[in-house]
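What follows draws every value from the coordinates through simple rules; no lab data is involved. For clarity, every value in this text was computed on a predicted model and none was experimentally measured. Cβ: placed from backbone, ideal geometry, glycine included. Neighbour counts: every protein chain shown.
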Number of protein chains: 2
Amino acid sequence: MNEDHFLDGFLNPKSVAFYGANNKGQSLASIQIMNLIKSNYDGNIYPIHPYLDLVMGYKVYRSIKDVPEIPDLVVIVLPAKIVPQIFRECGEKGIKRIILISGGFRELTDDRKNTLTEEIVEISKAYGIRFIGPNCLGVFNNWYEKKEEDKAFNISIWENLPKGYFSIASQSGTLSSHIWFDPENLDLGLGKSISVGNEANIDIVDCLEYYKDDPNTKFIGLYLEELKRGRKFLELAREITLKKPIIAIYVGGSKAGNRALESHTGSMAGDFRIFESVFKETGIIQTDQVQEFLDVALILSKGILPKGKRLGIITNSGGPGAIIANNAEKQGLEVPEFSKELQKKLKDILPPTASFKNPIDCTFDTNLPYFYITLPEMLMKSGEIDMIIQYGVVGFFDVMMDYLKVEQIGKYAEFDIPPEEEQDKLVSKLLKPTLENSKKYSVPILYVNPMNFNSPWSKRLRKNGAILFKLWDRPVNALAKVCTYVEFLKKRQFESKN
Amino acid sequence: MNEDHFLDGFLNPKSVAFYGANNKGQSLASIQIMNLIKSNYDGNIYPIHPYLDLVMGYKVYRSIKDVPEIPDLVVIVLPAKIVPQIFRECGEKGIKRIILISGGFRELTDDRKNTLTEEIVEISKAYGIRFIGPNCLGVFNNWYEKKEEDKAFNISIWENLPKGYFSIASQSGTLSSHIWFDPENLDLGLGKSISVGNEANIDIVDCLEYYKDDPNTKFIGLYLEELKRGRKFLELAREITLKKPIIAIYVGGSKAGNRALESHTGSMAGDFRIFESVFKETGIIQTDQVQEFLDVALILSKGILPKGKRLGIITNSGGPGAIIANNAEKQGLEVPEFSKELQKKLKDILPPTASFKNPIDCTFDTNLPYFYITLPEMLMKSGEIDMIIQYGVVGFFDVMMDYLKVEQIGKYAEFDIPPEEEQDKLVSKLLKPTLENSKKYSVPILYVNPMNFNSPWSKRLRKNGAILFKLWDRPVNALAKVCTYVEFLKKRQFESKN
């Protein structure tokens, strides 16, 4: 069903021709070919170039008409003024799909009409061509040839990203690709990403239509500057959010933001209030911050939604517990005081200096199974909370290892640090029952380790599937956003029953 | 003048006795001794222990009275109930300074009075002892023995931090020390840090008094749950903020936050509205988020304050530019459209697809001197903006190096990557004139590289003194906070003139 959608061909081409590539890294087309090589693409690649013989090892053709087959896709990175001619040549060849990277079309004119854009739109109609762009950064498909784990169709992202079910459609190339420059974002995983650019032919609504029935898309990220087909967008989004959450950054509503948009894609930002009501009506999770966009997506990627907005806090330090509680309530979450029964149970097993009302502050304690397994289980089973933030999953062994490097300490210290392998097993043992409970009770759990994201303990936690943050602000904010979606779903379900 | 303040002795002791240390890493007192060793402390260390002979290589004494001198400082990590007896013994010995780490005093009682606390307060009065705590995590002084770059008096922080002029006083131990677990925070540098705990004897106001005249403290960070001496705090803060900015996290105002506080330090959080008005009256920069606390401090650490709230944006990608502009305006900053003159000047040097109204979007371009030097200089000189965020200071060479590792690419690619040394020199050359201009025109500049903080290019930028962020949300939010302080200063200066 999904394979019938016309966009599927853009993400799964068996052959691609490139205009504008050479062997120098400064060219975007070259970078795109390098991305294909790096992601083990095994389709045919046909560089078109007036005088080079080889581009990155691929035989070069002087013109599209010399290419020995009709490529499934053509990518163009050439100055705007010669693009109409290239479109015509592609049309003659029988090309049906083009990704037009080049800028310099609509965004440079004041009257928002441009003969160049009109020209290529007309040519594409005449030849039955569909095209993405202009002024875009390409596409990414981590689900190209589903059997091969290490193959992707990727012309836009530098990092080889782990497979995921998060799919993006973006009116900014940076939001569709460059936010993946930092491997810290890798835990999220990515499914597909489409940079739509100026939307002269294919727009965000097309992408939503495609993602709606895509089995490898379970939640969707959007970056929006304007909507060309508002009504259609509203209808589609309303339908999709019942099954797949959508998270969106919308830019607009400020004078400076609107000016930036006009210069960027030449778009006039819509009325902010209209967008606000569209988001509310459709249950789209809205954020202004790209980090929050990624954080919300990371939580959604585990597929475990909270049932309500009651937060349980487990901490081994009072300050962070208090800040989490305070911010959670300010963000609209509830931090309920536990029932007398639960408080009694907790008091019985906690050290005498601990608190047990919510937040649970178990103070400085190195009994790991009790911290990682027992406490979260008690909260999840209690039914008194819908989600957990656990502060203080510190890499105690990492800290100790670091101290041992100092000669004097190494000589006298008597602490047992399990070897790497044992630590691997330990973390797996500590997390497994809790992550299973998290699924069973549908209670998301977010961990906070103030150490570096790539410290050994942090890496172990992440490898075992923990949602990990370095400080405690972001998990609160992101959970509050996720809860707006949960509340929306409840309301829709209530409406459909009544 | 500052050395006369009684707190100075707590931060510069020539000898320390420790109760509760052993050779096992699980004890806080052991960790404190290890921190002293790691930070090359060369004063005398006297562990007190009933049966061990050596702790981390130091000779152990059975009792404080056996110690061959009167230690400048005593640190206690023992169960609360035996602390009064220890205080008495210390008093008899002639000890004048104690840091009482142990919890289990006020925070465990419901009526907020505790005979244990009363008892130690009385004992300390009788013997003329001043003490920090109970329920705290110790102190940190990066300015111990000013001549030796690598010496600190540090009993609370794991990492060896670079020297800085930022000093902290905190009612949470985690806020005073554990936020430094991640070396990503190291760019900030730290001067001094005092974890005040329950404030049974020494409180936040004492710390402010001390920092006020401390030449190595140029800006101050506070974490507040309550104020014991509100009027004094107000007076002092009002005086200090005219010379040294203060940034504070205050927790309270929500039901859950207050409950957490009661459990944490046993304090009743003050009325949120009173705190709000204190912050407003004193010009203290207020935030709820610990990351923002660190971000604001990082900006302040450069000692360059904007003169107003007009933001200039330089970007090589439209999306981030638009988001920055939009959020900046929402946060109360201005993103003014440049004058016709400046626009013309910019248009003349920018590529034809660029925008030049603010944001400046110079699009994909690899002319580094023009991006790093020319554009910021034009903005700073123009007098039309007060601060700059520059998006897209990407490590282009890093990306290329990574591609070259792939065999096929390495074989055919023709790009010149300067050797490490040349890149070092290049970054220094690119940043130096801009950072000098930043100082000269008093226009802070914040850089954003979406790559990892520890990628080679990011490291080079940071090493050369750039304020670097990975994404573009945080710099906007932090600058908006800094501007609240700038506006306060203007108002106060206006008032004092009129």
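What the table shows:
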| read-out | value |
| --- | --- |
| The range B:2-300, dipole about Cα centre (Lys/Arg Cβ +1, Asp/Glu Cβ -1), debye to the nearest 20 | 460 |
| Neighbouring partner chain Cβ atoms per residue of B:234-247, average, 10 Å criterion | 0 |
| Coordinate range along principal axes, alpha carbons of the range A:306-486, Å, largest first | 52, 34, 28 |
| Innermost chain A residue relative to the axis carrying A onto B, by Cβ distance in angstrom | A:ASN454, 4 |
| Helix axis angle, A:272-282 relative to chain A longest principal axis, alpha carbon, degrees | 70 |
| Percent of beta bridges antiparallel (DSSP, the range A:5-91, rounded to nearest 5) | 15 |
| Shortest-first distances to equivalent copies, position B:GLU239, nm, label 7 Å out along Cβ | 7.0 |
| Share of Cα-Cα pairs in the protein assembly as shown lying beyond 44 Å, as whole percent | 37 |
| Of B:LEU294, B:LEU54, B:TYR19, farthest towards positive along the dipole that unit charges on Lys, Arg, Asp, Glu beta carbons give chain B | B:LEU294 |
| The range A:24-128: chymotrypsin sites (Phe, Trp or Tyr not before Pro) in DSSP coil with no more than 14 other Cβ atoms inside 10 Å | A:TYR51 |
| Peptide-level mean, for A:451-463, of C-beta atoms on other protein chains within 10 Å | 2 |
| Low-density loop positions, GluC sites (Glu not before Pro), the range A:14-115 - DSSP coil, at most 16 other Cβ in 10 Å | A:GLU69 |
| Nearest-ten-degree value, helix A:473-497 long axis tilted from longest Cα axis of chain A | 80 |
| Antiparallel bridge percentage (DSSP; both residues within chain A; nearest 5) | 15 |
| Filtered GluC sites (Glu not before Pro), the range B:349-448: DSSP coil and at most 12 other beta carbons within 10 Å | B:GLU414 |
| Dipole magnitude (debye, nearest 20) for the range B:146-294, charges at Cβ of Lys, Arg, Asp, Glu | 400 |
| Normalised convex hull volume, the range A:16-73, alpha-carbon set, Å³ per residue | 75 |
| Positive-end extreme of charge dipole, chain B - chosen from B:GLN423, B:SER458, B:CYS207 (charges on Cβ) | B:CYS207 |
| log10 of Debye I(q)/I(0), alpha-carbon scatterers only, for chain A at 0.11 Å⁻¹ | -0.96 |
| Net charge, A:GLN331 excluded, C-beta distance under 12 Å - Lys, Arg +1, Asp, Glu -1 | -1 |
| For A:ILE70, label point 7 Å along C-beta direction: distances to other copies, nm | 9.8 |
| Inter-copy spacing of B:LYS411 label points, which lie 7 Å from Cα along Cα→Cβ, given in nm from shortest upward | 5.7 |
| Residue-averaged beta-carbon neighbours from other chains (10 angstrom radius) around B:406-419 | 4 |
| Using alpha-carbon coordinates, inclination of helix A:340-349 to the longest axis of chain A, degrees | 80 |
| The range B:306-486: antiparallel DSSP beta bridges as a percent of all, rounded to 5 | 10 |
| Net dipole in debye of the protein assembly as shown [+1 Lys, Arg Cβ; -1 Asp, Glu Cβ; about Cα centre; nearest 20] | 1240 |
| Too-long pairs where the Cα-Cα distance tops 23 Å, listed order kept, from B:LYS302/B:LYS429; A:LYS344/A:LYS463; A:LYS14/A:LYS59 | A:LYS344/A:LYS463 |
